[in-house]
Amino acid sequence: MSKNGEKLFIKGNEAIARGAIAAGLKCYFGYPITPQNDIPEYMSAALPAVGGEFVQAESEVAAANMLIGAAACGVRSMTSSSSPGISLKQEAISYLAGSQLPTVIVNMNRGGPGLGDIGPSQGDYFQAVKGGGHGDYRVLVLAPGTCQEAYDLVIKAFDLAFKYRNPVMILGDAILGQMKEPVSPWTPEKIDENEGHDWRLCGAKGRKGRILKSLFLSEGSLAAHHEHLQNKYADMAEFTQQEEYQIDDAELVVVAYGSIGRIVKSTIKKLRNNGHKVGLFRPITLYPFPSGDLKKLAEQGKKFLTIEHNLGQMVEDVRLSIRTITDSDFFGFLPGNLPTPDDFEEPILKSLGGK
Amino acid sequence: MSEQEILAFDKADALVDIPTHYCPGCQHGVTQRLAGELLSEMGLTENTLLITAIGCSVFLYNYLNVDSVEAPHGRAPAVATGAKRARPDKFVLSYQGDGDLASIGMAEIMHCANRGENISIIFVNNTVYGMTGGQMAPTTMVGQKTTTSPAGRNASKEGMPIRMAEIIGQLGGTAFSARVALNNVKNIRKAKKAMKKAFEVQQKELGFGFIELLATCPTNWRMTPIKANERIEEELIPYFPLGVFKDLTVETEG
Ligand SMILES: Cc1ncc(C[n+]2csc(CCOP(=O)(O)OP(=O)(O)O)c2C)c(N)n1
Ligand code: SF4
């Protein structure tokens with residue numbers, strides 16, 4: 001395990017893999033797809049070396065279903081993939097959520113729809129935060145913007161998964177996965193080996209058999225299950241996280257997440273140097289969405305611009321958050337192109353100038 | 001119990017004492033009874049993780065007093081893989097129908113067997129999708145009428161019925177693969193013996209254990225239970241031969 005004070009120069013993908021192992025990962029199941037292959041590749045050597053299990057599954061479908069088995073045993077389990085692969089995992093994700101099984105799923109978002117391209121995109125936002133599988137359910141979604149944050153958030157993801165007995169998704173993209181940055185690795189002081197001891201499958205010794213399921217056929221039983229889930233999702237809503245940059249005196253708040261949030265930050269630094277009053281609100285939890293804090297900013301009279309690397313998805317959540325007070329402009333950088341800070345200057349200045 | 005009474009037959013501890021939901025004459029019940037008896041006799045009840053599949057057997061977790069988790073349609077072998085990798089010390093058992101295992105779940109069963117996962121899979125072949133109302137399955141016999149093959153299965157359009165026990169027997173990771181039938185008492189006894197072998201190869205960590213059971217679905221076959229048993233003998237066994245297609249215990253012990 002990593003030594004204190006050590007600095008690594010690694011890709012975002014590797015940061016995720018290392019963070020997961022530091023968090024006590026026991027089982028990883030995956031299937032190759034660009035741009036996340038560094039994760040299964042790293043896992044295939046590193047996880048067995050610490051006594052864990054690595055399986056290259058026959059498909060994303062199988063990998064996600066292997067999670068059901070491992071998560072049902074109460075061990076820390078994970079899969080990673082990219083957009084088309086995540087679509088295939090959705091059936092299992094719905095079952096994981098329905099059966100309340102904790103696990104971590106990484107999506108290094110690439111361009112879509114269909115085969116799209118292997119470059120970065122934020123086109124899977126709806127799929128991630130609205131539940132891409134069938135039925136009413138929610139998955140906690142965390143969106144790192146740097147390699148260090150990717151490392152830190154994976155560790156947090158496991159804690160949240162077990163706290164809420166729910167799948168947690170790390171939503172990154174090809175930029176985060178492929179760029180190299182210095183990362184300070186750390187290991188959580190205590191990982192509770194007995195997580196899930198009151199529900200996990202371990203053999204019905206001296207008690208009745210436990211059943212982990214999502215089938216509720218008798219009249220009213222599915223409704224009761226949904227009520228329970230709804231309460232759980234309401235509890236989750238209390239926990240939100242974001243980065244706020246230069247926001248106090250800002251006239252315009254730019255809302256952007258992940259790699260794009262980070263690129264926008266560079267634009268904002270430059271515009272600030274030129275005296276423009278702009279700030280950045282970068283949601284780190286995409287579900288639950290930091291609606292309350294956005295609303296407070298709206299109440300202070302700020303204007304909003306949402307920037308995404310897609311045709312407009314998160315902007316709907318921004319608008320829902322502030323709808324009783326104001327609206328948000330939107331600038332969508334088209335997937336298939338790689339943005340630089342310069343690309344965002346004009347749309348920000350336009351919004352700042354107002355209509 | 002009075003002095004004259006001798007307890008000749010008792011309920012196995014793995015079996016929960018409640019009525020099952022199966023149609024009269026359905027042999028899911030027989031299979032589950034055999035599985036429950038074996039878990040009890042082999043002392044596995046408290047160490048078992050059961051993966052239940054989609055189909056008429058989904059409520060198996062209500063009838064066996066073991067820890068269980070539900071798998072999506074066809075994916076039980078993948079779920080079982082995850083469970084076994086997480087807890088290699090546990091006895092992992094899965095139970096699937098023919099639509100579940102040989103159609104939607106074909107990839108999962110093949111690769112699970114090929115990896116040689118130390119798990120046991122009970123495969124109930126009743127040549128039809130039971131739960132959804134009797135549609136054609138990959139194991140439906142040529143000429144068999146179902147709700148989606150109203151003129152009878154046509155081999156030139158719909159292919160031949162798939163023989164899973166033979167296919168699984170060909171895979172490198174398989175330790176045991178056999179086909180048995182539940183149409184009479186003699187065959188039910190043989191079925192239990194074969195199931196025991198499939199369980200034992202897991203205990204010995206020899207690899208994948210597979211047992212295919214030819215079973216009736218009187219409801220969707222539109223037959224009485226007795227006629228359905230006769231169909232197994234006359235129609236199914238000639239096409240789905242009974243026997244052992246792979247048994248590593250013979251090689252290792254021999
Ligand atoms: C993804 C998906 N597709 C279809 C179904 C509907 N379905 C439920 S049971 C079943 C057939 C099961 O047939 P079989 O495996 O032969 O079991 P039997 O009911 O005959 O025991 C199907 C298709 C489903 N639950 N999930
Ligand atoms: S429909 Fe067929 S398989 Fe299902 S319970 Fe009835 S007889 Fe058994």
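Just a yes or no: is a residue in segment B:229-252 at pLDDT 95 or above, of a type in the set (Gly, Ala, Ser) and in a helix (DSSP H, G or I)?
no
In the set A:ALA97, A:ALA45, which member is open to solvent by 20 Å² or more (accessible area, probe 1.4 Å) and at pLDDT 95 or above?
Among A:ALA97, A:ALA45, only A:ALA45 is open to solvent by 20 Å² or more (accessible area, probe 1.4 Å) and at pLDDT 95 or above.
Sort through A:LEU153, A:LEU96, A:LEU160, A:LEU140 and tell me the only one that's in contact with a strand residue (DSSP E or B) (Cβ under 8 Å, 6 or more places away or on another chain) and within 14 Å of chain B (Cβ to nearest Cβ).
Working: A:LEU153 fails: within 14 Å of chain B (Cβ to nearest Cβ); A:LEU160 fails: within 14 Å of chain B (Cβ to nearest Cβ); A:LEU140 fails: within 14 Å of chain B (Cβ to nearest Cβ).
Going through A:LEU153, A:LEU96, A:LEU160, A:LEU140 in turn, the sole match is A:LEU96.
Just to check your reading of the model, which residue among B:ALA137, B:ALA107 is without any contact (Cβ under 8 Å) to a residue 60 or more places away in the chain and either surrounded by fewer than 22 Cβ atoms within 10 Å (Cβ to Cβ) or of a type outside the set (A, V, I, L, M, F, W, C) (or both)? Spell out the reasoning first.
Working: B:ALA137 fails: either surrounded by fewer than 22 Cβ atoms within 10 Å (Cβ to Cβ) or of a type outside the set (A, V, I, L, M, F, W, C) (or both).
So the residue among B:ALA137, B:ALA107 that is without any contact (Cβ under 8 Å) to a residue 60 or more places away in the chain and either surrounded by fewer than 22 Cβ atoms within 10 Å (Cβ to Cβ) or of a type outside the set (A, V, I, L, M, F, W, C) (or both) is B:ALA107.
Just name the residue that is farthest from A:VAL154 (Cα to Cα) out of those in segment A:180-206 that are within 14 Å of another protein chain (Cβ to nearest Cβ) and among the small types (Gly, Ala, Ser).
The selected residue is A:GLY206.
So which residues in segment B:18-37 are more than 14 Å from every other protein chain (Cβ to nearest Cβ), crowded, with 22+ Cβ neighbours inside 10 Å and more than 14 Å from ligand 1 (Cβ to nearest atom)?
B:LEU34
Against the condition part of a helix (DSSP H, G or I) and open to solvent by 50 Å² or more (accessible area, probe 1.4 Å), how does B:LYS192 come out, does it pass?
Taking the combined requirement at face value, the residue does not satisfy it.
Working carefully through the options B:GLY116, B:GLY99, find the one that is on the phi > 0 side of the Ramachandran plot and not aromatic (Phe, Trp, Tyr).
B:GLY116
What are the residues in segment B:44-59 that are open to solvent by less than 20 Å² (accessible area, probe 1.4 Å) and either modelled with pLDDT of 95 or more or away from ligand 2 (no atom under 16 Å from the Cβ) (or both), if any? Explain how you work it out, then say what you get.
We begin by selecting, within segment B:44-59, every residue open to solvent by less than 20 Å² (accessible area, probe 1.4 Å); these are B:44-45, B:48-53, B:55, B:57-58.
Hits for segment B:44-59 are B:LEU44, B:THR45, B:THR48, B:LEU49, B:LEU50, B:ILE51, B:THR52, B:ALA53, B:GLY55.
Does segment B:213-227 contain at least one residue that is away from ligand 1 (no atom under 16 Å from the Cβ) and surrounded by 18 or more Cβ atoms within 10 Å (Cβ to Cβ)?
There is no residue in segment B:213-227 that is away from ligand 1 (no atom under 16 Å from the Cβ) and surrounded by 18 or more Cβ atoms within 10 Å (Cβ to Cβ).
Among the residues in segment A:56-66, are any within 14 Å of chain B (Cβ to nearest Cβ), under 21 Å from B:ALA113 (Cα atoms), within 17 Å of the chain's Cα centre (by Cα) and at pLDDT 95 or above?
Yes, because at least one residue in segment A:56-66 is within 14 Å of chain B (Cβ to nearest Cβ), under 21 Å from B:ALA113 (Cα atoms), within 17 Å of the chain's Cα centre (by Cα) and at pLDDT 95 or above.
Does B:GLY172 satisfy the condition of being open to solvent by 30 Å² or more (accessible area, probe 1.4 Å), more than 14 Å from every other protein chain (Cβ to nearest Cβ), small (Gly, Ala, Ser) and away from ligand 1 (no atom under 16 Å from the Cβ)?
Here the answer is yes, as B:GLY172 does meet what is asked.
Looking only at segment A:53-60, decide whether some residue is touching a His at 6+ places or on another chain (Cβ under 6 Å), of a type in the set (Gly, Ala, Ser) and on the phi < 0 side of the Ramachandran plot.
No, segment A:53-60 contains no residue that is touching a His at 6+ places or on another chain (Cβ under 6 Å), of a type in the set (Gly, Ala, Ser) and on the phi < 0 side of the Ramachandran plot.
For segment A:166-188, give me each residue that is closer than 30 Å to A:GLY98 by Cβ and surrounded by 19 or more Cβ atoms within 10 Å (Cβ to Cβ).
A:ASN166, A:PRO167, A:VAL168, A:MET169, A:ILE170, A:LEU171, A:GLY172, A:ASP173, A:LEU176, A:GLY177
Of these, B:ALA165, B:ALA155, which one is touching a residue at least 40 places away in the same chain (Cβ under 8 Å), in contact with a strand residue (DSSP E or B) (Cβ under 8 Å, 6 or more places away or on another chain), away from chain A (no Cβ under 14 Å) and away from ligand 2 (no atom under 16 Å from the Cβ)?
Result of the check over B:ALA165, B:ALA155: B:ALA165.
Given the condition farther than 23 Å from B:ARG33 by Cα, outside any loop (DSSP other than H, G, I, E, B) and out of contact with any Leu (no Cβ under 6 Å at 6 or more places or on another chain), answer yes or no: does some residue in segment B:138-147 qualify?
Yes; the residues of segment B:138-147 include at least one that is farther than 23 Å from B:ARG33 by Cα, outside any loop (DSSP other than H, G, I, E, B) and out of contact with any Leu (no Cβ under 6 Å at 6 or more places or on another chain).
Mind checking whether some residue in segment A:22-42 is without any contact (Cβ under 8 Å) to a residue 24 or more places away in the chain and acidic (Asp, Glu)?
Scanning segment A:22-42, I find at least one residue that is without any contact (Cβ under 8 Å) to a residue 24 or more places away in the chain and acidic (Asp, Glu), so the answer is yes.
What pairs come up if the first residue lies in segment B:63-86 and is closer than 15 Å to B:ALA102 by Cβ and more than 7 Å from every other protein chain (Cβ to nearest Cβ), the second is open to solvent by 10 Å² or more (accessible area, probe 1.4 Å) and in a loop (DSSP other than H, G, I, E, B), and their beta carbons are under 6 Å apart, counting only those six or more places apart or on different chains?
From segment B:63-86, the pairs are B:HIS73/B:ILE54.
Please go through segment B:110-132 and pick out each residue that is among the polar types (S, T, N, Q), open to solvent by 20 Å² or more (accessible area, probe 1.4 Å) and either away from ligand 2 (no atom under 16 Å from the Cβ) or at the interface with another protein chain (Cβ under 9 Å from one of its Cβ atoms) (or both). Write out each step before concluding.
Looking only at segment B:110-132, we keep the residues that are among the polar types (S, T, N, Q), and these are B:114, B:118, B:120, B:125-127, B:132.
Then drop every residue that is not open to solvent by 20 Å² or more (accessible area, probe 1.4 Å), which leaves B:114, B:118, B:132.
Matches in segment B:110-132: B:ASN114, B:ASN118.
A:GLN122 versus (1) surrounded by fewer than 19 Cβ atoms within 10 Å (Cβ to Cβ); (2) under 25 Å from A:ILE33 (Cα atoms): which is the lone unmet condition?
So A:GLN122 meets the others, but not (1).
The values are calculated or read from the model by the stated rules, or taken from the named source; none is laboratory data. None of these values were measured; they are calculated from a predicted model. Neighbour counts run over all protein chains shown; Cβ positions are idealised from the backbone, glycine included. Heavy atoms of the whole protein, side chains included, go into the accessibility calculation; ligands, DNA and RNA do not. Shrake-Rupley method; radii C 1.70, N 1.55, O 1.52, S 1.80 Å.
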